[in-house]
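K.L.:
Handing you this structure, nothing more for now.
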Amino acid sequence: MRPSFVMGNWKMNGCIDSIKDLLHAVCDNLPKQSNVHCVVFPPALYLPLVQSLLTQSPIKWGAQNVYPKDAGAFTGEYSGPMLTDFGCRYVLVGHSERRRSFHEDEKFVAEKFHHVKDHGMIPVLCVGETLEERKKGLTEQVLIQQLSAVCQKGSDVFQGAIVAYEPVWAIGTGQTATPEQVQVMHQFIRHFVSSVDAEDAKKIPILYGGSVNEKNARQLFEIPDVDGGLIGGASLHAQQFLEIATCIN
């Protein structure tokens, strides 16, 4: 049975007081017997704070970004070894905001993906098409390109990884893909992974992201090939995040 995840990507949001309030509320109210793995991705500046608040809790934490070198003259960046110093277990790679706003191409995303794995962490590979690409019938082509980019290092590349399908047109827009659209795309992603390694395809969690909230989460999480969600804005509100996590159970 594949594990289920609810992951909160805080993006560039939060301050010391709001993070303390959020995590205290989530930790105090998270069901003790839960089948879902909860993970939060704070801005890098707050990783030490998050580590101190969550070390004794079942909630894990990760980083929104990484630079694929261990050390060097890369002003403003941080590496895999730095993230492991603060107990990071997961790292987002390939998020559409990084691709679009910071011009990260497939080669660079793949370097990050393998750098994360090389340092014993779990990459959460974000893939998804724009509205224009969907309208042109290019969705599958885009996903193949994004998934193929990490497949240059043998057949076990998806072992110990997570994929998050996030249609770009649904991120932060209030629009959510229909259950039928989500299942078709998640099934397509799992089929692609199976073409690389059939056993990994059975085990890899595939999450959905794109305006997931407490109102639509249950319907999304009931879809056969959906193993949880990568949550944006709703993860900044304790009650909403808790309700979403409860939907998986």
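K.L.:
Filter the range 151-181 for residues that are under 16 Å from the mean Cα position of the chain (by Cα), among the aliphatic types (A, V, I, L, M) and at pLDDT 95 or above and give the result.
P.N.:
Ala161, Ile162, Val163, Ala164
K.L.:
Taking the condition over 15 Å from Ile162 (Cβ atoms), surrounded by 22 or more Cβ atoms within 10 Å (Cβ to Cβ) and acidic (Asp, Glu), does Glu129 pass? Quick ask: steps written out before the conclusion?
P.N.:
Details: over 15 Å from Ile162 (Cβ atoms): yes; surrounded by 22 or more Cβ atoms within 10 Å (Cβ to Cβ): yes; acidic (Asp, Glu): yes.
For Glu129, the condition - over 15 Å from Ile162 (Cβ atoms), surrounded by 22 or more Cβ atoms within 10 Å (Cβ to Cβ) and acidic (Asp, Glu) - is met.
K.L.:
Could I ask something else about it? Kindly establish whether Phe41 is closer than 19 Å to Gly8 by Cα and crowded, with 19+ Cβ neighbours inside 10 Å.
P.N.:
yes
K.L.:
Taking the residues in the range 55-83 that are assigned to a loop (DSSP other than H, G, I, E, B) and of a type in the set (A, V, I, L, M, F, W, C) as candidates, determine which candidate is surrounded by the fewest Cβ atoms within 10 Å (Cβ to Cβ).
P.N.:
So the residue we want is Ala73.
K.L.:
Here's something else I'd like to know. With the checklist (1) in a loop (DSSP other than H, G, I, E, B); (2) farther than 13 Å from Val124 by Cα; (3) among the polar types (S, T, N, Q); (4) touching a residue at least 24 places away in the same chain (Cβ under 8 Å) in hand, flag the one item Gln51 doesn't pass.
P.N.:
Only one criterion in (1) in a loop (DSSP other than H, G, I, E, B); (2) farther than 13 Å from Val124 by Cα; (3) among the polar types (S, T, N, Q); (4) touching a residue at least 24 places away in the same chain (Cβ under 8 Å) is unmet by Gln51, namely (1).
K.L.:
Taking Ser194 and the conditions (1) in contact (Cβ under 8 Å) with a residue 24 or more places away in the chain; (2) surrounded by fewer than 21 Cβ atoms within 10 Å (Cβ to Cβ), which numbered condition does it fall short on, given that it satisfies the others?
P.N.:
(1)
K.L.:
Further question on the same structure: Of the conditions (1) in a loop (DSSP other than H, G, I, E, B); (2) under 15 Å from Tyr90 (Cα atoms), Met7 satisfies every one except a single condition; which number is it?
P.N.:
Unmet for Met7, out of (1) in a loop (DSSP other than H, G, I, E, B); (2) under 15 Å from Tyr90 (Cα atoms): (1).
K.L.:
Do you know which residues across the range 185-209 are small (Gly, Ala, Ser) and touching a strand residue (DSSP E or B) at 6+ places or on another chain (Cβ under 8 Å)?
P.N.:
First, pick out the residues of the range 185-209 that are small (Gly, Ala, Ser): 194-195, 198, 201, 209.
Scanning the range 185-209 gives a single hit, Gly209.
K.L.:
Please go through the range 16-30 and give me each residue that is of a type in the set (A, V, I, L, M, F, W, C) and either exposed (fewer than 12 other Cβ atoms within 10 Å of the Cβ) or part of a strand (DSSP E or B) (or both), ordered by number.
P.N.:
Passing the criteria: only Ile16.
K.L.:
Restricting to the range 220-239, what's the tally of residues that are part of a loop (DSSP other than H, G, I, E, B) and touching an Asp or Glu at 6+ places or on another chain (Cβ under 7 Å)?
P.N.:
Summing the residues that are part of a loop (DSSP other than H, G, I, E, B) and touching an Asp or Glu at 6+ places or on another chain (Cβ under 7 Å) in the range 220-239 gives 0.
K.L.:
When you check Glu111 against the structure, is it at pLDDT 95 or above, among the acidic types (Asp, Glu) and either in contact with a Phe, Trp or Tyr (Cβ under 7 Å, 6 or more places away or on another chain) or under 21 Å from Val6 (Cα atoms) (or both), yes or no?
P.N.:
No: the conditions fail for Glu111.
K.L.:
Okay, next question. Any chance you could count how many residues in the range 1-15 are surrounded by fewer than 17 Cβ atoms within 10 Å (Cβ to Cβ), touching a Pro at 6+ places or on another chain (Cβ under 7 Å) and under 12 Å from Ala44 (Cα atoms)? Quick ask: steps written out before the conclusion?
P.N.:
Going residue by residue through the range 1-15, those that are surrounded by fewer than 17 Cβ atoms within 10 Å (Cβ to Cβ) are 1-3, 12-13, 15.
Filter once more, keeping what is touching a Pro at 6+ places or on another chain (Cβ under 7 Å): 2-3, 12.
Next, only the ones that are under 12 Å from Ala44 (Cα atoms) stay: 12.
Residues that pass the stated criteria total 1.
K.L.:
Does Gly160 count as crowded, with 16+ Cβ neighbours inside 10 Å and either of a type in the set (Gly, Ala, Ser) or over 25 Å from Lys11 (Cα atoms) (or both)?
P.N.:
Spelling it out, it is not the case that Gly160 is crowded, with 16+ Cβ neighbours inside 10 Å and either of a type in the set (Gly, Ala, Ser) or over 25 Å from Lys11 (Cα atoms) (or both).
The values are calculated or read from the model by the stated rules, or taken from the named source; none is laboratory data. None of these values were measured; they are calculated from a predicted model. A quick note on method: Cβ atoms are made from the backbone with ideal geometry, for glycine too, and the neighbour counts reach across all protein chains shown.
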